[in-house]
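Input: a single structure, listed below in C-alpha cells.
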Amino acid sequence: MTKGHEEMTNEDIMPVGERIKKARQEKGLDLDGLAGRVGCSGEYLQWVEDGQVEPPVALLLQIAKTMNLDAGSFLTVDDSPERRLAEAAKRTKDYSYRTLTPPEADKHLMAFSVTIPPGTGHEGVGYHHEGEEFVYVVSGEVELLVDTEKYRLGEKESHRFNANVDHHLSNPSDEAVELLVILYVP
C-alpha cells in the first residue's frame, strides 16, 4: 500500500539529491569518498546532490548500500496528483523512470516503468548492483548488454540476469522504448 498525500513527510518531498547529501553528511562521509566507494566521479555525485542530474536506479541502490541504508531510501512513489505533476518521471541523462513500488525497509523487490528515447543508452560506467534484474519490453525494442553478452529484446520479450555484473540498456531504434524493470535486492 502506498502512502497517501497526507502521510508524506518533508523527507519524502525533499529532492533525491538533497536526501543523498543529507544522509552522506549524517554519516560523516565526504563527497569524493562516497563517490569513490559507489563507482562514480566526485563531480557527477556533486551534480546529483545539486539536482543537476537524476541518478540511475543502480547508483541510488549502490549509494544506499554503501551508507547502510534501506535500498528504497532514495526512491519514492509518485502517488499523489500533486507529486506526479511536480516530478513526473525521474530523468537521467539517457532515460526516465517511475517507481511503481513503495520503498519499504523489509521489502526486496522493486519495480520501475522505464522509458528510453530513440537512439540513446547508458553512457559512462557500467551499472551493477546486488541481486537480480528482470527486464520486460512493453513496447519498442531494446539492446541489453550483460557483461559481454548482448541481447536484443522486442515487444513482450524479457530477460532475467544477475545484476552484480555490468549491464547497460540502449535503444538503437527510431522510436521510444517502454520497459518494466523489476529488481530483487537482497
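FYI, it's all coordinate maths here, none of it is from the lab. The structure presented is a predicted model; accordingly, all values stated were derived computationally and were not measured. Backbone-built Cβ (ideal geometry, glycine too); neighbour counts: all protein chains shown.
With a Förster radius of 30 Å applied to the C-beta separation of K22 and S158, the computed FRET efficiency comes to 0.25. Using the Cβ of S139 as centre and a radius below 11 Å, the other residues enclosed give a net charge of -3, where K and R count +1 and D and E count -1. Label-to-label distance, D147 versus A176, with points set 7 angstrom from Cα along the beta-carbon direction: 3.4 nm.
Pairs exceeding a 18 Å alpha-carbon distance, out of K65/K150; K65/K107; K27/K107: K65/K150; K27/K107.
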